[in-house]
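Engineer: Pasting a structure below so you can have a look.
Quick note: the coordinates plus some simple rules give every number you see, no bench work behind them. Owing to the predicted nature of the structure, the values given are computational and were not obtained by experimental measurement. Positions of Cβ are generated from backbone atoms using ideal geometry, with glycine treated the same way; all protein chains shown enter the neighbour counts.
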Amino acid sequence: MPRYLLGLSASADTWAAMIKDPSNRLEANRPVIESIGGKLEGYYFVVGENEIVELVDMPDDVSMEAITMAILASGAAKSVKTSTLLTAEEAMEAMRRAGDVGYRPPA
């Protein structure tokens, strides 16, 4: 199952709600991810550009995009950045395939 890294920037209203009533968002978000066939591996608060980071396994890109759309449509996040993650083995396979592509830069 593909693994994704989501970087979320929460809206002001979301921060205000979490400050007023702190809750474990990992447990709140887990059933949402599972409802579409995914698995929430981790939920972290980050000092930096994306204040919240989630590590998610999803059946496919369409399922991941559905979650992203739902988050954005709710207004809970100002932005969501999604990155597909590769294991070391998958990256090595990509490197092997890259050697067979035959790409040549412009001369």
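Engineer: Of the residues Glu34, Glu51, Glu93, which exhibits the maximal mean-square fluctuation in a Gaussian network model of the chain defined by a 10 Å Cα contact cut-off?
Structural biologist: Most flexible of the set in this elastic network: Glu93.
Engineer: So, one more: May I have the extent of the alpha carbons of the chain along their three principal axes, as whole Å values ordered from largest to smallest?
Structural biologist: Here the Cα extents, ordered largest to smallest, are 58, 33, 23 Å.
Engineer: For Ala10, what residues show an amide H to amide H distance below 5 Å, using hydrogens built from the backbone and excluding near sequence neighbours?
Structural biologist: Glu51, Ile52, Lys78
Engineer: If R0 is 22 Å, what FRET efficiency do you get for Asp13 and Met69 from their C-beta distance, rounded to 0.05?
Structural biologist: Here the calculated transfer efficiency is 0.75.
Engineer: Could you identify which residue out of Ala77, Ala28, Ala94 has the top mean-square fluctuation in a GNM of the chain using Cα springs shorter than 10 Å?
Structural biologist: Its mean-square fluctuation being the largest, the pick is Ala94.
Engineer: Kindly express, to the nearest 10 degrees and within the range 0 to 90, the angle between helix 61-74's C-alpha long axis and the longest C-alpha principal axis of the chain.
Structural biologist: 30 degrees
Engineer: What full-extension length gain, to one decimal in nm, is calculated for Lys39 and Asp100 as 0.36 nm per residue of separation minus the Cα-Cα distance?
Structural biologist: Result for the pair: 18.5 nm of gain on full extension.
Engineer: Rounded to the nearest 20 Debye, what is the dipole magnitude of the chain about its Cα centre when Lys and Arg each give +1 and Asp and Glu each give -1 at the C-beta?
Structural biologist: The dipole magnitude comes to about 220 debye.
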